[in-house]
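Notes follow once the structure below has been shown.
The values are calculated or read from the model by the stated rules, or taken from the named source; none is laboratory data. None of the values given here were measured: they were computed from a predicted structure. So basically every Cβ, Gly included, is an ideal-geometry build from the backbone, and we count neighbours across all protein chains shown. Areas reflect the complete protein model, heavy atoms only, side chains present, ligands, DNA and RNA absent. Shrake-Rupley method; radii C 1.70, N 1.55, O 1.52, S 1.80 Å.
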Amino acid sequence: MPRLGLDVDQYLRTQVLPTVWCPGCGNGNTVEGLATAFARMDVDPTQVVVVGGIGCSGRTPFYVKTNAMHTTHGRALAYATGLKMAQPKLTVVVTMGDGDALAIGGNHFIHAARRNIDLTVILYNNGIYGMTGGQEAPTTPLGSRTTTSLTGSIERTFDTVEIALAAGATYVARTTTFDMQEIPLRIEEAITHPGFAVVEVLSQCPTYYGRLNQIGDTTDMLVWERDRTEGLPVKMANRQELLGELKTGVFRNEKSVEFTKAYSDLCARVGGSYGLS
Amino acid sequence: MSPTPGANKQRLVMGNEAVALGAIAGGCDFFAGYPITPATEILEEMGKMLPARGGVFLQMEDELSAIAAVIGAAWGGAVAMTATSGPGFSLMQENLGYASITQTPCVIVDAQRGGPSTGLPTLASQGDVMQARFGSHGDRPTLVITASSVNDCYESTALAFRMARKHRLPVVLLIDAVVAHMREPVELPPPPPPQKASYPKIEEDTPRFGDVPFVPFGHGPVTVVTGLSHQANGLAETQRGVHTEQMMRTTIQNILSDPEIRRSWVSAYQLDDAEIAIAAYGITARSAREAVDVLREDGIKAGLLDLKVLWPFPNQILRETADKVSMIVVPELNLGQIVLPLKAAVEGRAEVHSLNLADGTLLTPEDIAEFSAKQRKSTKEAANA
Ligand SMILES: Cc1ncc(C[n+]2csc(CCOP(=O)(O)OP(=O)(O)O)c2C)c(N)n1
Ligand code: SF4
Ligand SMILES: [Mg+2]
């Protein structure tokens, strides 16, 4: 796919493949996108740490051949904050699921964005808790069936982009696993961006979300994803009520004072040398 | 103005301030925390000192993130610490387990206050003894150090850092509201100049986990860190956790045989000819020391075993003590915690009597002396009956 003549495999930890993920899961597309972004940027893997939370998507650090830190459920951003502050020259990418980032870890998401610390978040939004078997997430589209909302979710749905914008993230983008060519481009922009950057990737969980909502197979889910993000009518029956219109693209890309830089200045004011010139 | 030679270099220092100074002496260059009584001054002191030393000070959004940031920082090469009290310590338990399984060196201070829940926020307690050992899910190696004076706060914190770095584990410094807030005249060495920790060079096939030195990210080829049970190369082992079990057993053995731990485990006072041993720790050991004097004035040969390291519990020392005395009194500001492993260690070699108080106030020397004398009397009466 979007390899563009690059050696993407050098950034994949092939010894642990195949992944634990189900056939047709969207996570592989995003990992491919991340490895492609690394290849495009020709990063030194020893100077990169991919920090993951807990969930299917949280396993990403195992599959990308950089330093890896697979942390606890919801706390990946807090780990990453300490890591980045301790060694500000490292490139730190944080991979989290929607439940991981916005339910149990919602507070850390908001505060990391508020600080505008130079971290890149890749948020795999499959609208469900995949790893624990398909329970409702804060991102579950209204009316969707999950194992904890079998008659359709009555909870209002979180919008990652709106939360990230409101909390102060300085780069915010949304793409989908349907748009595989776009994923590495957004990730590259996010990593290059000097500040808190969020790339939400709408992703398919055919095993739970797809099956419980009769969307069909992986292809149908990808088409659903495309239609959902383009506001087009959807071909599957009874899907209309699930389809809040979601836009993709870059919603914010602006520079503001980055946290490690602000901290470095603070140290300098009181006579300390933090090591960032 | 330089001090006159021979002049008293002592100054009044608060326990929490001594913890902060002990941390700096132990090489600490990263602190993340969240305010809570009675630990807040540690946060504030670190916030004053670290930026001027080029270290990192972070006030996080809660205690979950404070300890997570500390662990992340350790993997970034920092020598890191957080400080809290019971409610925050409870929030840290899950990530404390993560630090254990990933063999991450770091220090956690718990200045205990009255509980459960918000309880008695400004008053002392020793209610977290078991939480410090068993609070995190799963079993794991633990090292829990106490302090009963301001000078101890300094020494114990520095010791906690030496042990955390040597044995690659989270070390808990367990103090209480009174030790944290009391001021005593002490003479402490000036803080050492800032120095980044150095790490050995690793190669692709160097084991990252097990009985090997800690090497953070960015100091060699890539490393995989996970809270899943893992092999020496960091990759997960999901069918059987043999490596993790082995790592935990080895760490426990290494701590048990560490000469510094063996030296620091207890500090004895008037114990040589004692018939009653009082085993106490933290602020209660201060009262117990005076209780020993009170009892001796009344002709009762008492002695103190100040437990400086609670976990691992000094089983052998307690057994030897029990062989020499007829009775061990265990005063604690809780409903009876350290007395449990103590009884198990003693195995009936001596009588063990628990004296407990959990209302936020302190056991006075008189309380402890009176209780000890009373227990001694009823034992004698029972023997004569
Ligand atoms: C403290 C804690 N609570 C609950 C769990 C169980 N758990 C593991 S993954 C997960 C949810 C995963 O959902 P999401 O973050 O959306 O990731 P996905 O699997 O969908 O990629 C939960 C609840 C846990 N590991 N830790
Ligand atoms: S459960 Fe869903 S999210 Fe998890 S691996 Fe399977 S398809 Fe992917
Ligand atoms: Mg999910």
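Looking at region B:1-92, what helices (runs of 4 or more DSSP H) fall wholly within it and have at least 3 residues that are of a type outside the set (Asp, Glu), surrounded by fewer than 24 Cβ atoms within 10 Å (Cβ to Cβ) and without any contact (Cβ under 8 Å) to a residue 40 or more places away in the chain?
Fully inside region B:1-92 and qualifying: B:40-49.
Just to be sure before I move on: is residue B:104 within 11 Å of chain A (Cβ to nearest Cβ), part of a strand (DSSP E or B), in contact (Cβ under 8 Å) with a residue 40 or more places away in the chain and in contact with a Phe, Trp or Tyr (Cβ under 8 Å, 6 or more places away or on another chain) in the structure I sent? It is false that residue B:104 is within 11 Å of chain A (Cβ to nearest Cβ), part of a strand (DSSP E or B), in contact (Cβ under 8 Å) with a residue 40 or more places away in the chain and in contact with a Phe, Trp or Tyr (Cβ under 8 Å, 6 or more places away or on another chain). All of (1) free of Cβ contacts under 8 Å to residues at least 24 places away in the same chain; (2) open to solvent by 20 Å² or more (accessible area, probe 1.4 Å); (3) more than 16 Å from ligand 1 (Cβ to nearest atom) hold for residue A:82 with one exception: (2). Tell me, yes or no, whether region A:41-52 has at least one residue that is within 16 Å of residue A:188 (Cβ to Cβ), crowded, with 24+ Cβ neighbours inside 10 Å and hydrophobic (A, V, I, L, M, F, W, C). Within region A:41-52, one or more residues are within 16 Å of residue A:188 (Cβ to Cβ), crowded, with 24+ Cβ neighbours inside 10 Å and hydrophobic (A, V, I, L, M, F, W, C). Filtering B:219, B:167, B:181 for residues that are within 11 Å of chain A (Cβ to nearest Cβ) and in contact (Cβ under 8 Å) with a residue 40 or more places away in the chain leaves a single hit, B:219. One residue stands out in region B:168-215 among those that are acidic (Asp, Glu) and open to solvent by 80 Å² or more (accessible area, probe 1.4 Å): the one that is farthest from residue B:53 (Cα to Cα), namely B:205. Within region A:253-277, restricting attention to residues that are open to solvent by 80 Å² or more (accessible area, probe 1.4 Å) and within 31 Å of the chain's Cα centre (by Cα), the residue that is modelled with the lowest pLDDT is A:277.
Residues that are on the phi > 0 side of the Ramachandran plot and outside the structural domain of residue B:333 (by TED's automatic domain parsing) do not occur anywhere in region B:236-255. Just one of the listed residues (B:296, B:376) is modelled with pLDDT of 95 or more, outside the structural domain of residue B:118 (by TED's automatic domain parsing), in contact with an Asp or Glu (Cβ under 9 Å, 6 or more places away or on another chain) and part of a helix (DSSP H, G or I), and it is B:376.
Applying the condition of being open to solvent by less than 10 Å² (accessible area, probe 1.4 Å) and of a type in the set (S, T, N, Q) to region A:8-40 and asking which residue is nearest to ligand 1 (Cβ to nearest atom) yields A:27. Within region A:210-225, no residue satisfies the criterion of being basic (Lys, Arg) and open to solvent by less than 40 Å² (accessible area, probe 1.4 Å). Within the option set A:146, A:132, being open to solvent by less than 30 Å² (accessible area, probe 1.4 Å) and either farther than 21 Å from residue A:196 by Cα or touching a residue at least 40 places away in the same chain (Cβ under 8 Å) (or both) holds for one residue only, A:146. Just one residue in the set B:234, B:227, B:303 is within 14 Å of another protein chain (Cβ to nearest Cβ) and open to solvent by less than 10 Å² (accessible area, probe 1.4 Å); that residue is B:234.
Among the residues examined, residue A:36 does not qualify as more than 16 Å from ligand 2 (Cβ to nearest atom), facing another protein chain (nearest Cβ under 7 Å) and under 18 Å from the mean Cα position of the chain (by Cα).
Counting only residues that are open to solvent by 10 Å² or more (accessible area, probe 1.4 Å) and either more than 13 Å from ligand 1 (Cβ to nearest atom) or at the interface with another protein chain (Cβ under 7 Å from one of its Cβ atoms) (or both), region A:85-111 holds 8 of them.
Working only within region A:160-169, note down all residues that are touching a residue at least 40 places away in the same chain (Cβ under 8 Å), away from chain B (no Cβ under 14 Å) and either out of contact with any Asp or Glu (no Cβ under 7 Å at 6 or more places or on another chain) or away from ligand 3 (no atom under 12 Å from the Cβ) (or both).
A:161, A:163, A:164, A:165, A:169
The sole residue among B:208, B:183, B:140 that is in the same structural domain as residue B:40 (by TED's automatic domain parsing) and under 24 Å from residue A:86 (Cβ atoms) is B:140. Kindly indicate whether residue A:178 is more than 12 Å from ligand 3 (Cβ to nearest atom), under 17 Å from the mean Cα position of the chain (by Cα), open to solvent by less than 40 Å² (accessible area, probe 1.4 Å) and among the aromatic types (Phe, Trp, Tyr). No. If you check B:22, B:26, B:47, B:72 for being touching a Phe, Trp or Tyr at 6+ places or on another chain (Cβ under 8 Å) and within 8 Å of chain A (Cβ to nearest Cβ), only one passes: B:72.
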